[in-house]
Amino acid sequence: MKWWLLLSCIVSLSAHATWNNPYPRGWVHENTLFSAFSAPPKTLDPVRSYSSNEWVFLANIVEPPLQYHYLKRPYQLEPLILTQMPTVHYDATSDTSSYTLHLRDDVVYAPHPAFAGKKRKVTATDLAYAIARMSDRRNGSPILDMMMPLIVGLEAQVATLAKLPKSSEWRDYRQFNPQGVEVVDERTLVIRIKGQYPPFIYWLAMPFFAPIPWEVDAYYAQPGMKAANQSWSWLPVGSGAYYLAENNPNHRMVLQRNPNFHSETYPHEAGSTVPKSLLADAGKPLPFIDRVVFALEKEAVPYWTKFLQGYYDASGVSSEVFDQAIQLNEQGKLSLTAEMRAKNMQLVSSVATSSSYMGFNMRDPVIGQGNDKAKYLRQAISIAIDYEEQIAIFLNGRGVVAQGIIPPGIAGASADCNPITHVGEAGQCQRRSLADAKALMAKAGYADGIDPATGKALVLYYDTVSTGADDKAQLDWMRKQFAKLGIQLVIRSTDYNRFQEKMLAGNAQIFSWGWNADYPDAENFLFLLAGGNAKMDAGGENASNYKNPQFDALYEQIARMEDSSERRALIQQAVAIVREDAPWVFGLHPQSVSLFHGWVNNVYPNLMANNTLKYRRIDVTQREQAQERWNQPVLWPFAVGALLLIGLVGLVWRK
């Protein structure tokens, strides 16, 4: 009996080449894209969400008024749920700018119990409701304090809502439109802002301004809903190409095609550098994919292994597998290895419009703002941390050392070296010597790294979300950077959600974070250090809680100017101030490297858009064939076992 069972097992494995497929069998044969995520989203509430690991999901569910053209470069905005681009009119008498938005008539939300089985169209009231909901501090909008000086009447609206009795009951925000938000009719909305602020148009392409249906807001406010994970944070509702069909952040997230999705087609035109193959689907209806499955993968190596087996459609390239996937040609450019070419992989790479930096809490009594000694300490650390070495060791050369706050590819980015940390030599920025850093330590009062208050090595605390085994080497490296100055660095690791809570409370001394450009303008990086956006005070994105009146005045001027040589000169003045104050160690601008299997079509890097899933197309048959080739079961151990079993049975039989 055991012998026959073993033979049956072998036959069964032979019949099913993809015996190790980790997904439900039906999904594998359907129009499904398989991806992964490493950190669960903290919130998917459009008014609160402001992290890239959240927008991966949210931006494909909700739809703001505008989006970025998928293929055009330089990046270009286009209508999404509007009939045309907003019309902008500046009134010099009132010193206000009016943005008039005309909504399409065919934009419908995904099905939801709050709609009682009816198809619910998006209206101008929903857009106004989103802004009014943003104005209630109970909802924790990270951009509220940035919008308050802009949108007419928003500040007064915030004050009005703050005076209302604190309760958990639903607030019907249709009754609380700010003065500068006018619903002309159900297809027309006018937003008035103070003065002129050209970057405001970019904000209309972010989830913060996605419409909110009041029925869903009221539905989620019912007793017991939050406990049942029925909330905006857990189950957002939008008119996007997909809806969230499964939210299990400790295992799997699933996006399903929105059956009510409005008409939208793949682009007909593109920039001159776009390959013609990317226009093969021009004019075809979107989205192409019916389901997108995101599995939780905390470690890079298991993710990579499953990718090579064909069970993930795309993958990043970690340092552990870099040599297996990528090679450098004579010009130093990245290309695929022979192994990857044999698997028909696609390589997509670009220097990201983002900054990875180390920040100092400027409210901290040791390392923060307030005296020159603390500034010298920050400058010394900025020199000592050798990001050139980090890029070479841990990133395989995939990155550019930052010389300021603004990354390459953004108008106003600095072309010169940061004089605090580097000197220009032969057209290259060379890091200053360790002797320069130690001299600054002495000026700071910590000669040889000794804290005069204790007579021992200065102790500093570094908060990080690096918690996996893969991160140990980098954390050890970071300790050594501080040790070069005689500083003892204490690592405090935590998960990302807890890390965000500590940052809001100002409980971190030194930390690492990053910023992906929301829109292609220098203002989107300068605002990260604007005093009015301090995280401790306003919950904004100034995580260092930096405040410099001179910088703030320049920022306010820059933010309200169109791109010009005068504006770029002011940007350089602002950059010079933060270089000197050193609230950040201006770390690096990473070079993103991703691999896609050949069966994934319409792959093109878009560093501004987050709603790109609808453009992807999968050749399911090609994927199935590859999975069968790459996952043939190894049967010889079973055969050997069967023979041994037969021999054993024979011996027992003879006895």
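Per-structure values
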item: Qualifying residue in the range 30-52 (condition: modelled with pLDDT under 90, β-branched (V, I, T), more than 30 Å from W214 (Cβ to Cβ) and outside any helix (DSSP H, G or I)); result: no
item: Any hit, the range 58-72, residues being in a strand (DSSP E or B) and either under 20 Å from R192 (Cα atoms) or not assigned by TED's automatic domain parsing to the domain that holds S141 (or both); result: yes
item: Every residue from the range 447-469 that is under 38 Å from the mean Cα position of the chain (by Cα) and either acidic (D, E) or part of a loop (DSSP other than H, G, I, E, B) (or both); result: L458, D463, V465, S466, T467, G468
item: The range 492-507, residues that are among the polar types (S, T, N, Q) and within 11 Å of K42 (Cα to Cα); result: N497, Q500
item: Strands (runs of 3 or more DSSP E) fully within the range 251-346 counting 2 or more residues that are within 30 Å of K119 (Cα to Cα); result: 252-257, 291-296
item: Pairs where the first residue, in the range 334-349, is more than 20 Å from P590 (Cβ to Cβ) and the second is aromatic (F, W, Y) and in a strand (DSSP E or B), C-beta under 8 Å, 6+ apart; result: M345/F596
item: All strands (runs of 3 or more DSSP E) inside the range 381-436 with 1 or more residues being within 25 Å of W477 (Cβ to Cβ) and in contact (Cβ under 8 Å) with a residue 60 or more places away in the chain; result: 399-401
item: Matching entry among S318, S233, S277, S272 (being farther than 26 Å from R341 by Cβ, out of contact with any His (no Cβ under 9 Å at 6 or more places or on another chain) and outside the structural domain of K119 (by TED's automatic domain parsing)); result: S272
item: Close pairs (9 angstrom Cβ cut-off, 6 or more residues apart or separate chains): of a type in the set (G, A, S) in the range 553-564, surrounded by 13 or more Cβ atoms within 10 Å (Cβ to Cβ) anywhere; result: A559/Y197; A559/P198; A559/P199; A559/E523; A559/L526; A559/F527; A559/A530
item: Conditions (1) within 27 Å of I571 (Cα to Cα); (2) loosely packed, with under 14 Cβ neighbours inside 10 Å: number failed by A473; result: (1)
item: Single unsatisfied condition, Q179 versus (1) out of contact with any helix residue (DSSP H, G or I) (no Cβ under 6 Å at 6 or more places or on another chain); (2) outside any loop (DSSP other than H, G, I, E, B); result: (2)
item: Complete set of residues in the range 612-642 that are at pLDDT 90 or above and either on the phi > 0 side of the Ramachandran plot or in contact with a Leu (Cβ under 8 Å, 6 or more places away or on another chain) (or both); result: L613, K614, Y615, R616, I618, W630
item: Hits in the range 113-126 (condition: in a loop (DSSP other than H, G, I, E, B) and surrounded by fewer than 18 Cβ atoms within 10 Å (Cβ to Cβ)); result: A116, G117, K118, K119
item: Filter result for D145 (in a helix (DSSP H, G or I), more than 28 Å from K535 (Cβ to Cβ) and charged (D, E, K, R)); result: no
item: Scan of the range 565-584 for residues that are in contact (Cβ under 8 Å) with a residue 24 or more places away in the chain, on the phi < 0 side of the Ramachandran plot and out of contact with any Phe, Trp or Tyr (no Cβ under 6 Å at 6 or more places or on another chain), ordered by number; result: R567, R568, I571, Q572, V575, V578, R579, E580, D581
item: Residue in the range 127-140 that is β-branched (V, I, T), under 27 Å from T83 (Cα atoms) and not in a helix (DSSP H, G or I) present; result: no
item: L377 loosely packed, with under 12 Cβ neighbours inside 10 Å and in contact (Cβ under 8 Å) with a residue 12 or more places away in the chain; result: no
item: Verdict on V107 being touching a Ser or Thr at 6+ places or on another chain (Cβ under 8 Å) and buried (at least 19 other Cβ atoms within 10 Å of the Cβ); result: yes
item: Of residues in the range 293-314 being crowded, with 18+ Cβ neighbours inside 10 Å and acidic (D, E), the one nearest to Q256 (Cα to Cα); result: D313
item: Some residue of the range 552-565 being out of contact with any Pro (no Cβ under 9 Å at 6 or more places or on another chain), outside any helix (DSSP H, G or I) and modelled with pLDDT of 95 or more; result: no
item: The lone exception for P419 - which of (1) farther than 24 Å from Y376 by Cβ; (2) at pLDDT 95 or above it fails; result: (1)
item: Filter pass, Q488 being out of contact with any helix residue (DSSP H, G or I) (no Cβ under 9 Å at 6 or more places or on another chain) and more than 24 Å from P407 (Cβ to Cβ); result: no
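Okay, residues lined up against (1) touching a Ser or Thr at 6+ places or on another chain (Cβ under 6 Å); (2) in the same structural domain as P65 (by TED's automatic domain parsing); (3) among the acidic types (D, E); (4) crowded, with 17+ Cβ neighbours inside 10 Å:
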residue: F176; (1), (2), (3), (4): no, yes, no, yes
residue: D185; (1), (2), (3), (4): no, yes, yes, no
residue: L189; (1), (2), (3), (4): no, yes, no, yes
residue: G195; (1), (2), (3), (4): no, yes, no, no
residue: P211; (1), (2), (3), (4): no, yes, no, yes
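The values are calculated or read from the model by the stated rules, or taken from the named source; none is laboratory data. Owing to the predicted nature of the structure, the values given are computational and were not obtained by experimental measurement. Every residue, glycine as well, gets a Cβ built from its backbone with ideal geometry; the counts of neighbours run over all protein chains shown.
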